[in-house]
Structure formats: C-alpha cells, structure tokens
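Each reported figure results from applying straightforward, stated rules to the coordinates on display, with no laboratory input. Quantities reported herein were computed from a predicted structural model and do not represent experimental measurements. As a convention, Cβ positions derive from the backbone with ideal geometry for all residues, glycine included, and neighbour counts pool all protein chains shown.
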Amino acid sequence: MAILLFTDFGSNDLYVGQVEAVLERHAPGVRVIHLLHEVPPFNVRAAAHLLAALARDLPRGHVFLGVVDPGVGSGRGAVVLHADGRWYVGPDNGLFSVIAARASSISVWRITEHPAGTSPSFHGRDVFAPIAAAVATDDFPNGDVAPAADLAVQFGGDDLAEVVYIDHFGNAFTGIRARDMPPVRWLVAKGREIPHARVFAEAAPGTTFWYENSSGLVEIAVNQGHAARELGLAVGTPISWR
C-alpha cells in the first residue's frame, strides 16, 4: 500500500514537505507517491475529473490524500471514501464525487474529530494526513470518524466538457472520457475545429489535433507545439463537437 498525494499546493512551496513529514511520523515506512501537486488551484470540479482519470488504472488498496480545498476553515465537511477498493481522504467538497458516482460500490466516513492544535488553514497537514496514515497502517476506522450515508457534495459522474488541466508541453486535458468519442468527430475549442489523430506521430509538426491520452481523456495537442498558447486555451475553456 502507498499514499498518493494529489494537491494544488505547487511543487516548489513548503506545504508538500510538511504533509510528507506528518505521514512519515504517523506511517513510517509507508511509501508516498507524489501524483500531482499542480492541480488547477481552487478548481474542485476540474480536480475531481482529473483525479477520476488518474486513479482509474492505479492499484486497488492505495490511499489517495487529495487536497484542493478553497473552503478550508469553513463549515465544509471532511471525509474518507472507499470506492472500488481504493481509499480517498480529503475535503467533502466534491473532490471525490466523480469517483464515487462512477464506482460500483462505496463506503463513506465523516471525519468528526480534529487533533489538538489543528491549524484552521492547513487541514491537509493536520487533519487529512493523520487519517490517511491511519488507513495505510490499518488503524481505521477509529474514533476520529463516523459512518456516513454518502458524500455531502456531489458533482455526478457525467463528463465535463471543459479543459481541466494544461501540462508543461501546453497540451490541454479535457474532462471528457475518450472511450465513447468516435475518431471521425471534430472537436471545437475557441471556434477552432480540430481533427483526431491517434498519436503525435500521425500529425505533422505544428498540426493541432485531439487524441485519447494515456489517462483515457480527450486531450488537445499540437505536435511539437504549445496547444494552450496557440489556441488560447485555459482551464475552464468549454469544448464541443461536430
């Protein structure tokens, strides 16, 4: 079992290291995998679709510690989700709701107790990390949680026809699963009609195309170019088809 971190903290700030230190204290020797720390900041809906895509092929039994939490310190809930053999710990703000909606079976626990001295602005370190460590070391469920019927915030399991992430190459991930999208269809973004290619090598250098990326999502790319810059794409840009 490993703990996988999925956050909008950024890789160069001090927050990731603090979370990892807490995990080492509570779950020494448990492997920590840095799945992504460049999730679009504060964008819970985009993060929910991106996490659902990234988690689908990862082994069962792992614990995902997810923190995209613009409501930290407010009355938003905190939750543990067990869905199709994988564990998720984080805010109950919709972050895990796409995963839950698509799962064949789920169990939910509400995090009801916070450790003494919890910072109101850093639940990722002080609340979620100790619970994720407890799950990873088989000290769960414990007195800090209570069973719940379901998640409080639910986005549903439908695809999201928007850009949800832009990687450093400038490729734009969408929240659309490619499995049901026929290659003959043209994608439309910012008024531009974009054809399909199976892989980069099938598109001439400088050519814009869409394809099914390794996470199963529709992605917009330019072979040897920067699609987001060339097309003016950003997280939240709507996508349509013809």
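Each of ALA129, PRO183, PHE200 was placed along the dipole of the chain (beta-carbon charges, centred on the mean Cα), and the one lying farthest toward the positive end is PRO183.
In this simple spin-label model, placing a label point 7 Å from the Cα along the Cα-to-Cβ direction at both GLN154 and ILE33 gives a separation of 2.9 nm. Of TYR211, TYR165, TYR15, TYR88, the sequence from fewest to most neighbouring Cβ atoms within 10 angstrom is TYR15, TYR211, TYR165, TYR88. Here the gap between SER240 and HIS168, fully extended at 0.36 nm per residue and compared with their Cα-Cα distance, gives a gain of 23.5 nm. Taking a sphere under 10 Å around the Cβ of ASP84 and counting the other residues whose Cβ falls inside, with K and R at +1 and D and E at -1, yields a net charge of +4. State whether segment 160-241 is rounded, prolate or oblate according to the following rule on the C-alpha gyration tensor (a ≥ b ≥ c being the square roots of its eigenvalues): a/c under 1.5 gives rounded; otherwise a/b larger than b/c gives prolate, and the remaining case gives oblate. Rounded shape, in that the Cα axes give a/c under 1.5. About the centre of its Cα atoms, the chain shows a dipole size close to 500 debye [charges on the beta carbon of Lys, Arg (+1) and Asp, Glu (-1) only; nearest 20 debye]. Taking a label point 7 Å from the Cα of ARG185 along the Cα→Cβ vector, which residues of segment 137-173 have an amide N closer than 15 Å to it? Counting only backbone N, you get 158-163. With N the number of residues in segment 2-148, Rg(Cα) / (2.2 N^0.38 Å) evaluates to 0.93. Residues LEU187, LEU36 in ascending order of nearby Cβ atoms (within 10 Å, fewest first): LEU36, LEU187. The modelled label-to-label distance for the pair LEU58/MET1, using points 7 Å beyond Cα in the direction of Cβ, is 1.5 nm. Sort out for me the Cα centre separation of segment 26-43 from segment 86-130, rounded to whole Å. Result: 13 Å between the Cα centres. Of the peptides 203-209, 215-221, the ranking by mean beta-carbon count within 10 Å, highest at the top, reads 215-221, 203-209. Stretching the chain fully between ALA116 and ALA146 yields a gain of 9.0 nm (0.36 nm per residue, less the alpha carbon separation). Here the 3J(HN,Hα) profile of segment 154-161, calculated from phi with Karplus coefficients 6.51, -1.76 and 1.60 at θ = phi - 60°, is 10, 8, x, x, 5, 5, 10, 7 Hz, Gly and Pro shown as x.
Extending 7 Å from the Cα toward the beta-carbon at both ARG198 and LEU14 defines two label points whose distance is 5.2 nm.
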